[in-house]
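Please read the structure below before turning to the comments.
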Amino acid sequence: MSELNELYQEMILDHNKNPRNFHAIENADHVAEGYNPLCGDRLNLYLQMKGDQIQDIGFQGSGCAISKSSASMMTTGVKGKTKQEALLLFQNFHKMLSGPTNAGFDLKLLGKLAVFSGVSEYPTRVKCATLAWHTLKAALGKRGQAVTTEDNV
């Protein structure tokens with residue numbers, strides 16, 4: 001097993017067993033719900049913004065290890081970032097998982113999130129890994145409606 005695959009498995013297991021930011025935010029000013037009908041993953045995402053900056057972020061829900069760990073790592077990665085910085089991370093994460101041979105994304109910008117690059121080899125798992133990210137995009141856009149992995153979001 002390659003070193004990246006081992007790191008991927010360790011991080012997925014750690015963030016699945018001990019998810020970071022796994023809580024509701026009572027006074028959240030941005031909220032969105034996400035659902036992956038193929039896998040059954042569901043999550044609610046809560047944001048507390050201060051101007052254009054994500055002051056606090058939390059999530060609750062249930063799902064597979066990839067979905068839950070992706071949400072955990074995403075919340076850790078965007079906390080303290082501006083809306084624009086978070087959307088840039090979303091774009092890079094999405095490109096990494098769905099682009100042709102993972103081209104066109106900024107590996108340095110993604111940092112630890114790059115451990116999810118291997119998910120691109122499993123198309124049904126890409127939706128598990130990106131659910132939290134699409135939900136974040138909806139919350140930042142204040143769409144006020146649930147998003148699914150089957151939406152064109």
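Tabulated data
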quantity: Tally of residues being in a helix (DSSP H, G or I) and either out of contact with any helix residue (DSSP H, G or I) (no Cβ under 8 Å at 6 or more places or on another chain) or in contact (Cβ under 8 Å) with a residue 40 or more places away in the chain (or both) across segment 66-88; calculated: 16
quantity: Criterion violated by Ala146 - all others in (1) more than 15 Å from the chain's Cα centre (by Cα); (2) surrounded by fewer than 14 Cβ atoms within 10 Å (Cβ to Cβ); (3) at negative phi; (4) not hydroxyl-bearing (Ser, Thr, Tyr) satisfied; calculated: (2)
quantity: Odd one out for Glu85 among (1) surrounded by fewer than 19 Cβ atoms within 10 Å (Cβ to Cβ); (2) in contact with an Asp or Glu (Cβ under 8 Å, 6 or more places away or on another chain); calculated: (2)
quantity: Filter result (out of contact with any helix residue (DSSP H, G or I) (no Cβ under 8 Å at 6 or more places or on another chain), part of a loop (DSSP other than H, G, I, E, B) and surrounded by 16 or more Cβ atoms within 10 Å (Cβ to Cβ)) within segment 1-60; calculated: Ile25, Ala28
quantity: Filter result (touching a strand residue (DSSP E or B) at 6+ places or on another chain (Cβ under 8 Å) and closer than 19 Å to Glu10 by Cα) within segment 73-102; calculated: Thr75
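Rule-based calculations on the coordinates, nothing more; no lab input. Just so you know, these numbers come straight off a predicted model, no measurement behind them. Please note: Cβ atoms are built from the backbone with ideal geometry, for glycine as well, and neighbour counts cover all protein chains shown.
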